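Peer 1: Have a look at the structure that comes next, please.
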Amino acid sequence: QVQLVESGGGLVQTGGSLRLSCVFWGNLFNYYVMGWYRQAPGKQRELVAQISPGSSSNYADSVKGRFTISRDNAKSTVYLQMNSLKPEDTAVYYCNAQDASEFWGQGTQVTVSS
């Protein structure tokens, strides 16, 4: 069984930065595609960024050039560095792990004030 534990959310002003972390508790982290999703109030959950076991990454157009996803296989951790934050980035951010199965974290709130 896999558990994902996120941290690093909080309140930040427009233009500020935050770094989210997600620790993968389980086996075979290196085989999983890891991702960050977000869900704003009244909206559907959307993909923010994803990183493959080989560290290839892809991003939503809305965050390209501002967010960076990375992974540390030795620590079984995936990160999301978020810079130049905007109010529209306000959402609950969820960590996701995909292989043959899929797992979700509990979410961490990110609030960007204008």
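Peer 1: List every residue pair whose Cβ atoms lie under 6 Å apart, where the two residues are 6 or more positions apart in sequence or sit on different chains, the first residue falls within region 33-49 and is on the phi > 0 side of the Ramachandran plot, and the second residue, located anywhere, is open to solvent by 40 Å² or more (accessible area, probe 1.4 Å) and at pLDDT below 95.
Peer 2: Close Cβ pairs satisfying both conditions: none exist.
Peer 1: Right, another one. Working carefully through the options Val78, Val110, Val48, find the one that is part of a strand (DSSP E or B) and under 17 Å from Gly16 (Cα atoms).
Peer 2: Matching residue, one of Val78, Val110, Val48: Val110.
Peer 1: With respect to Lys64, determine if the residue is among the basic types (Lys, Arg), in contact with a strand residue (DSSP E or B) (Cβ under 7 Å, 6 or more places away or on another chain) and open to solvent by 70 Å² or more (accessible area, probe 1.4 Å).
Peer 2: Considered against the rule, which asks whether it is among the basic types (Lys, Arg), in contact with a strand residue (DSSP E or B) (Cβ under 7 Å, 6 or more places away or on another chain) and open to solvent by 70 Å² or more (accessible area, probe 1.4 Å), Lys64 comes out as no.
Peer 1: Out of Gly54, Gly15, Gly26, report the one residue that is at pLDDT below 95, open to solvent by less than 60 Å² (accessible area, probe 1.4 Å) and more than 10 Å from the chain's Cα centre (by Cα).
Peer 2: Gly26
Peer 1: Pairs, please: C-beta under 6 Å, at least 6 apart or cross-chain, first residue closer than 26 Å to Gln98 by Cα and part of a strand (DSSP E or B) and in region 10-24, second open to solvent by 20 Å² or more (accessible area, probe 1.4 Å) and polar (S, T, N, Q)?
Peer 2: Hits for this filter: Arg19/Gln81; Ser21/Ser7; Phe24/Ser76.
The values are calculated or read from the model by the stated rules, or taken from the named source; none is laboratory data. These numbers were taken from a predicted model, which means no experiment stands behind them. Reconstructed Cβ throughout: ideal geometry from the backbone, glycine too, with neighbour counts over all protein chains shown. These accessible areas exclude ligands, DNA and RNA; they are computed on the full protein's heavy atoms, side chains included. Shrake-Rupley method; radii C 1.70, N 1.55, O 1.52, S 1.80 Å.
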